[in-house]
Structure formats: C-alpha cells, structure tokens
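Here the structure is laid out as structure tokens; the discussion comes afterwards.
The values are calculated or read from the model by the stated rules, or taken from the named source; none is laboratory data. This one's a predicted model, so the numbers in the text were calculated from it and none came from an experiment. Here the Cβ is made from the backbone with ideal geometry for all residues, glycine too, and neighbour counts use every protein chain on show.
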Amino acid sequence: DVKVTQSSRYLVKRTGEKVFLECVQDMDHENMFWYRQDPGLGLRLIYFSYDVKMKEKGDIPEGYSVSREKKERFSLILESASTNQTSMYLCACCRNLVDTEAFFGQGTRLTVV
Amino acid sequence: GENVEQHPSTLSVQEGDSAVIKCTYSDSASNYFPWYKQELGKRPQLIIDIRSNVGEKKDQRIAVTLNKTAKHFSLHITETQPEDSAVYFCAASPTGGFKTIFGAGTRLFVKA
C-alpha cells in the first residue's frame, strides 16, 4: 500500500508567520499534489508537481508556494499566513497526473489566529 | 472552466435503504471518474472508479453508472449500513490533462 505521510495533524500559527507543511510518500510516484479542503467547496488544487524541482499552479495558488527537492517529499509553504488560510490541507500522490487513483495523506488542520 | 457539480450536499437514509449521489461534469474530454470516501477524521480513499468506455461498474453493495452523452455519473449504495456514513467525493479527470476536478462532496448519514 502507498503510504503518504503529512508531518502534522494539527497546527496553530499566528498571522504573518511563515508556515511549512511537509508531505512524504514511499511509493516512488512522480506526481504529488496539495489540496485544500473546505466545507461545501470540496477539494481544491493548490499546486502539483510532476517531477523533482518541477511545479505547476493549481486553481488557488495565491499565498502559497511549494518545494520539491526530492522525489518523495513535497512541501507547501505559506509565505505569510492569513486567517483565510485556516483550513484542512491534504497532500496526495499518484502514478499518473490524471486517470489513476490518488493516495491521500491524513491531512493537516491548520488554524491561523 | 472545468467544473464538477455534486448533489445532494447532505443525504440522510435509514439503514438498509439505498443511497444515490449524482455528479455532472463540464469537460467532455473527461474519461476517468473516481469516487472517494472520507470517514470522519480520516483521509479520502478510493472506493470505486469508472472509465468512459464502460457504462456501469459494480463492487458488492456499491455501483457507479456513467452517461457520457449527458455528462453525468452516479454512485449507488444499496443496503446501507451505519459504517457507510461518511463524506463522498466524485471527481472527473481528462486524458492528456493535468487536473482532476473534485465535486464539493456529499455527507451521507445512515441512521440505525
């Protein structure tokens, strides 16, 4: 089974802080994704990466950046956290960019105060 | 842009009844349609998927149907059990594209 691990289940940060969310996968998949999950809005794609050092913007990239220095690790960075970034963040990976199963991490619930 | 609409947002059924969740999509190039189940406090996990060359697929108590002409697909759960209570997400994904689009989710309650 693919294992996708996010470094924190819960985080509380202050407005203006720089926040790092880490994700590690153990199945050698090229493709990794960061989603944001909000009630009534489903899963919205923030950024994805199809290879080391490669990244592409998703639907809602504003206020976020990402880093993929190693194949197994994909980091989401909030440059200056704001209260409207309070949300559940889900990392995922899969073998192909589309048309195959996505394996999700357990999620990080971030609260910005 | 591409969009996936999912209905209803909340569904409450009695144990043993059937539950149906419907999704429509806008991108006619979509050809892969997965369904994910997210139990409370857990990660979304794939429960069933269907590709556009197939009209229906079954796996025990769950089934998915696809109508490519109308651009809609549905999840059917029969003989519901309390452990079916969860949020269900549909999604649509195009070949050659890079983005799977998710629906907003349906919260299913199965009352014992």
Residue, nearest to the other protein chains (Cβ to nearest Cβ), within segment B:36-70, restricted to residues that are in a strand (DSSP E or B), touching a Phe, Trp or Tyr at 6+ places or on another chain (Cβ under 9 Å) and among the basic types (Lys, Arg): B:Arg51
Residues that are within 14 Å of chain B (Cβ to nearest Cβ) and not in a strand (DSSP E or B), drawn from segment A:45-91: A:Gly58, A:Asp59, A:Ile60, A:Pro61
Members of segment A:13-70 that are of a type in the set (Phe, Trp, Tyr) and touching a Lys or Arg at 6+ places or on another chain (Cβ under 7 Å): A:Tyr35, A:Tyr47
Whichever residue in segment A:16-43 is in a strand (DSSP E or B) and surrounded by fewer than 16 Cβ atoms within 10 Å (Cβ to Cβ) and, among such residues, is modelled with the highest pLDDT: A:Phe20
Segment B:71-112: number of residues that are touching a residue at least 40 places away in the same chain (Cβ under 8 Å), of a type outside the set (A, V, I, L, M) and not in a loop (DSSP other than H, G, I, E, B): 16
Qualifying residue in segment B:22-35 (condition: of a type outside the set (A, V, I, L, M), surrounded by fewer than 16 Cβ atoms within 10 Å (Cβ to Cβ) and on the phi > 0 side of the Ramachandran plot): no
